[in-house]
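*Asks:* Please see the structure below; I have some questions.
The values are calculated or read from the model by the stated rules, or taken from the named source; none is laboratory data. What you are looking at is a predicted structure, and each value in this text was computed from that prediction instead of being measured. Cβ sites come from the backbone with ideal geometry, for glycine too, and all protein chains shown count toward neighbours. With ligands, DNA and RNA removed, areas are computed over all heavy atoms of the protein, side chains included. Shrake-Rupley method; radii C 1.70, N 1.55, O 1.52, S 1.80 Å.
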Amino acid sequence: GVVYRGWDPRVERQVAVKLLRRDAHPTHAPLAEARHLARVRHANVVVVHGADEDADQAGIWMEYIDGRTLAALVRDLGVMSAREVVGIGLDLCRALSALHAAGLIHRDIKAHNVMREVGGRIVLMDFSGAQALAGGHDAEVLSGTPLYMAPELFDGAAATPASDVYSLGVLLFFLLSGTVP
């Protein structure tokens, strides 16, 4: 999808609007993504405000984060200190704990899906690959970014909280080294 900065005139606030054309992403269910995200209330998880769809496209509007992705920070400023990475890791562990407690698996933890807001708050975003822990997802269908994915997923195993934690470990390694293991 494409994400735009928008304005919600009903409540007079900036929002991020993620739009997807239906014909470009026939397997993606934006309303399901919004429902998943709406189940989680945590300071380190982006807040969804609403979703809608029509015949041509679907959209989700969510909290606008004034900041940069961790990928952009490493690209522009270089690798981070161990102290900084520990703080980010703790925030993301708390976010994943809230996500898993809500019965969800993220399935795409990576530097492009985490932002540092101006002021320092770390925010986990992009729940397009999220699924319920109870299953309902075909293990044959891989979802995520291969360099960050747990090895067992390539053998057809189902995504679990442990596979999210593996991806988090890869992300933290990337923040420290600028590369993936």
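*Asks:* Projected onto the charge dipole of the chain (+1 at Lys/Arg Cβ, -1 at Asp/Glu Cβ, origin at the Cα centre), which of Leu175, Leu31, Tyr4 gives the Cα projection farthest towards the positive end?
*Replies:* Sorting the options by dipole projection puts first Leu175.
*Asks:* May I pose another question? Quick one, which of (1) 1.65; (2) 1.02; (3) 1.11 is the actual Cα Rg over 2.2 N^0.38 Å calculated for this model?
*Replies:* Read-out taken from this structure: (2).
*Asks:* Another one. What's the magnitude of the charge dipole for the stretch 1-99 around its Cα centre, counting Lys and Arg as +1 and Asp and Glu as -1 at the beta-carbon? Answer in Debye, nearest 20. Intermediate values should be presented prior to the final figure.
*Replies:* Working: 13 positive and 13 negative charges, 62 e Å.
So the dipole magnitude of the stretch 1-99 works out to roughly 300 debye.
*Asks:* Where the accessible area of the chain is counted over protein heavy atoms with a 1.4 Å probe, how much of it, in %, is carbon and sulfur?
*Replies:* That fraction is 56 percent.
*Asks:* Calculated from DSSP H runs of 4 or more alone, at -39500 (n - 2.57) each and per residue, what is the 222 nm mean residue ellipticity of the chain, nearest 500?
*Replies:* Numbers: 4 runs with 54 residues, N = 181.
When only DSSP H runs of four or more count, the value is -9500 deg cm²/dmol.
*Asks:* Once whole DSSP H runs in the chain are found, which of them have Cα atoms spread over 15 Å or more along the helix axis and a mean Kyte-Doolittle score of at least 0.5? Could you put the intermediate results ahead of the total?
*Replies:* Details: long enough: 82-101 (28 Å, 0.85); 161-177 (24 Å, 1.51).
Sorted by number, the helices that extend far enough and score high enough are 82-101, 161-177.
*Asks:* Over 13 Å apart: what share of the alpha carbon pairs of the stretch 57-117 falls there, rounded to a whole percent? Walk me through the intermediate numbers first.
*Replies:* Working: 1323 of 1830 pairs.
Result: 72 percent of Cα pairs exceed 13 Å.
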